[in-house]
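See structure below.
The values are calculated or read from the model by the stated rules, or taken from the named source; none is laboratory data. Computed from a prediction, not measured in an experiment: that's the story for all the values here. Note that we place each Cβ from the backbone using ideal geometry, even for glycine, and neighbour counts take in every protein chain shown. For the accessible areas, the whole protein counts, side chains as well, though only heavy atoms, and no ligand, DNA or RNA atoms are used. Shrake-Rupley method; radii C 1.70, N 1.55, O 1.52, S 1.80 Å.
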Protein chains: 2
Amino acid sequence: MEPKAKQKALRLLTNGMYVLTARSGEKFGAATVTWVSQVSFKPPLLMAALRKDGSVFQCLADSGVGVLHVLASDQKDIAQKFFAPTKSENDLLNGEPFVRAKNSAPILTNLPAYIECSVVDLNERLGDHALVILEVTNCAFLREVEPLTVTDSPWEYGG
Amino acid sequence: MEPKAKQKALRLLTNGMYVLTARSGEKFGAATVTWVSQVSFKPPLLMAALRKDGSVFQCLADSGVGVLHVLASDQKDIAQKFFAPTKSENDLLNGEPFVRAKNSAPILTNLPAYIECSVVDLNERLGDHALVILEVTNCAFLREVEPLTVTDSPWEYGG
């Protein structure tokens, strides 16, 4: 397989950009993620492919719950904050304010929509990312936005 | 969970639009699909969530191979053709010309990029769609395009 053709073809796949958060006891996990899709209507399920060494995956695996946040197209600065390792101080998560969701995971209050989820399946054996299947348990839609996509960002993740 | 908030939040997830094809003996499967994402770099893996009663899922499950095609933003008419049941006649698949891929699945020659794949995992028990994990075996990038996304189409699939 020609590596350049592979990279160019795979980078034509369209993905959004999200911040996924989770919490296990006093440990927080939060990361900007892109490999996400709905995968079922009934029950409503999402798939997220996550770095196995990341704090979000660890906290999701431990606690079984998380929150997926939609980023607006003008929130690249917030996306950038969650590329860094997770840090909680002064009631901020990587510098962003949060509250506790019904499921106890952190909700980032500056983001325009979020989806509370429970882990229903977790598969680490297929590739270099863990595949996590999440059932939607609660949603909030706070304001109309254009969602941030990988195409509209300065970043790439795929290929 | 408030149904309207759920629908509005889930429809902020960003997805592309693709045509997925497969073949089992003389039976063809082809459908426009949106719930697709890369899920691993090494090996390169994709996830597709597919209707369990569809011809593509049946042919993929039988043959173990398929081809995912990227649609260009000006190819909504081709996307529309593959909402209909799969029909092969006069060397056309739903009216679109095709050739046989290395893996023997049909390649639609009007589409700007495609990814040949082999099924590495298949899970029908999680929701109302089957989750198929595909390993990328060959790619072709034929021309630069803006890929078609659900947002830029007249359709919705999610919520």
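Which cross-chain or sequence-distant (5 or more) residues have an amide H under 5 Å from the amide H of B:Ile107, H modelled 1.01 Å from N in plane?
Counting only residues 5 or more places away or on other chains, the set is B:Val99, B:Arg100, B:Ala101.
Short version: ³J(HN,Hα) in whole Hz for each residue of the stretch B:112-127, in order, from phi by Karplus 6.51 cos²θ - 1.76 cosθ + 1.60 (θ = phi - 60°), x for Gly and Pro, what are they?
Using θ = phi - 60°, the values come out as x, 7, 8, 10, 7, 9, 10, 6, 10, 7, 8, 10, 9, 9, 8, x Hz.
Exactly which chymotrypsin sites (Phe, Trp or Tyr not before Pro) in the stretch A:1-89 are in a DSSP loop and have at most 12 other Cβ atoms within 10 Å?
Loop-located and lightly packed - A:Phe83.
Is the stretch A:72-159 best put as rounded, prolate or oblate by its Cα gyration tensor, with a ≥ b ≥ c the root eigenvalues, rounded for a/c under 1.5, and otherwise prolate when a/b is larger than b/c, oblate when not?
Judged from the Cα gyration tensor, the stretch A:72-159 comes out rounded (a/c under 1.5).
Would you kindly derive the ³J(HN,Hα) couplings of the stretch A:76-82 from the backbone phi angles with the Karplus curve 6.51 cos²θ - 1.76 cosθ + 1.60 (θ = phi - 60°), listing them in order in whole Hz, with x for Gly and Pro?
4, 4, 6, 3, 4, 4, 9
Residues with beta-carbon under 12 Å from that of B:Asp128, excluding B:Asp128: net charge, scoring Lys, Arg +1 and Asp, Glu -1?
Value of the local net charge: +2.
When the expected Rg is taken as 2.2 N^0.38 Å, what fraction or multiple of it is the alpha-carbon Rg of the protein assembly as shown?
Cα Rg divided by the expected 2.2 N^0.38 Å: 0.97.
Counting only pairs 8 or more residues apart or on different chains, how many lysine pairs in chain B have their Cα atoms under 26 Å apart?
16
Averaged over peptide A:141-150, how many Cβ atoms belonging to another chain are found within 10 Å of each residue's Cβ?
Across the residues of A:141-150, the mean count of other-chain Cβ atoms within 10 Å is 3.
Along Cα-to-Cβ, 7 Å out, sits the label point; list in nm, shortest first, how far the one on B:Pro3 is from those in the other copies.
5.2
How long, wide and thick is the stretch A:44-121, going by the Cα atoms along their three principal axes, in whole angstroms, largest first?
Largest first, the stretch A:44-121 extends 31, 25, 23 Å along its Cα principal axes.
Using modelled amide H (1.01 Å from N, peptide plane; none on Pro or chain starts), what sits under 5 Å from the amide H of B:Ala72, excluding residues fewer than 5 places away?
The answer is B:Leu148.
To confirm my reading of the symmetry, which residue of chain B has the Cβ nearest the axis that brings B onto A, and what whole-Å distance does it have?
Of all Cβ atoms in chain B, the one nearest the axis gives B:Ser37, 2.
How much of B:Asp74 can a 1.4 Å solvent probe reach, expressed as accessible area in Å² and rounded to 10?
120
Rg to Rh ratio, chain A, alpha-carbon atoms and Kirkwood radius?
0.96
Taking only protein heavy atoms and a 1.4 Å probe, what accessible area per residue, in Å², does chain A have with all protein chains in place?
41
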